[in-house]
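Asks: Please see the structure below; I have some questions.
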Amino acid sequence: MRLLRATIFKVLFLLIFVFSFSCKRKEHQKINPLKSETFNKNDTEQAETYFFITVANVSNSIISKSKIAQQKRSENSIQELSKKIENQQNQLLQTVNEMANKRLIIITDINAAHKRDLYKLIDTNDSNFNTTFLNLISEDLSEQIKVFEKISTETNDETILKLVLQYLPQQYELIREIETIKNRV
């Protein structure tokens with residue numbers, strides 16, 4: 001009889017232990033996905049965040065280069081082009097910042113390559129300035145075009161697609177103007 005009671009207690013203790021252990025595991029599994037869902041972003045959100053930050057940084061770079069071109073003694077056509085580019089990029093930057101703020105995205109300028117380009121432009125002599133300016137602006141606009149084209153395939157967000165449709169043709173037009181001026185210079 002004692003042996004039977006001891007066996008029953010062992011089995012009962014083992015069942016209680018297994019049952020309580022499995023319940024704790026289920027609770028942990030219920031809580032854990034909620035934590036990971038809170039901090040995980042999907043690929044579309046990451047692409048959109050990258051888009052806003054990249055476009056803003058490139059726009060800031062283009063604006064700075066355009067201001068330098070306006071301050072230096074460059075050709076009249078380059079002065080006019082730089083003012084046009086600066087105005088267009090300021091509008092783009094303002095729109096991107098508004099959209100990013102609505103999505104709680106903070107844009108910071110951390111791109112050191114653009115700063116090197118600024119120093120390169122400042123340090124060029126007057127004879128090479130126009131060519132250097134046109135080449136650097138053309139590279140930046142090409143980078144912006146690539147980002148616009150990439151985001152247009154990665155998102156279905158209407159506001160971003162409207163932004164792309166509004167500014168992408170303008171970017172291509174500016175590239176054509178730059179190429180025309182390059183051929184004259």
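Asks: Of the residues that sit in the stretch 159-181 and are charged (D, E, K, R) and closer than 18 Å to ASN90 by Cβ, which one is farthest from the chain's Cα centre (by Cα)?
Replies: Within the stretch 159-181, the match that is farthest from the chain's Cα centre (by Cα) is GLU177.
Asks: Could you please give the count of residues in the stretch 47-102 that are out of contact with any Ser or Thr (no Cβ under 8 Å at 6 or more places or on another chain), of a type in the set (Ser, Thr, Tyr) and over 16 Å from GLN144 (Cβ atoms)?
Replies: Residues meeting the conditions: 2.
Asks: Same structure, new question: Please work out if ILE145 is out of contact with any Asp or Glu (no Cβ under 7 Å at 6 or more places or on another chain), part of a helix (DSSP H, G or I) and farther than 26 Å from ASN42 by Cα. Show your work before the answer.
Replies: Working: out of contact with any Asp or Glu (no Cβ under 7 Å at 6 or more places or on another chain): yes; part of a helix (DSSP H, G or I): yes; farther than 26 Å from ASN42 by Cα: no.
For ILE145, the condition - out of contact with any Asp or Glu (no Cβ under 7 Å at 6 or more places or on another chain), part of a helix (DSSP H, G or I) and farther than 26 Å from ASN42 by Cα - is not met.
Asks: Taking the conditions exactly as written (loosely packed, with under 13 Cβ neighbours inside 10 Å, in a helix (DSSP H, G or I) and at pLDDT 90 or above), does GLN46 satisfy them or not?
Replies: No, not satisfied.
Asks: Out of the stretch 51-104, which residues are assigned to a helix (DSSP H, G or I), of a type outside the set (A, V, I, L, M) and in contact (Cβ under 8 Å) with a residue 60 or more places away in the chain?
Replies: Scanning the stretch 51-104 gives PHE51, THR54, SER59, SER61, LYS65, SER66, SER77, LYS84, GLN88, THR95.
Asks: I've got another one for you. Applying the selection to the stretch 137-184, what residues are in contact (Cβ under 8 Å) with a residue 24 or more places away in the chain and small (Gly, Ala, Ser)?
Replies: SER138, SER142, listed by residue number.
The values are calculated or read from the model by the stated rules, or taken from the named source; none is laboratory data. No experiment lies behind these values; they were computed from the predicted model shown. Ideal geometry is used to build each Cβ from the backbone, glycine not excepted, and the neighbour counts take in all protein chains shown.
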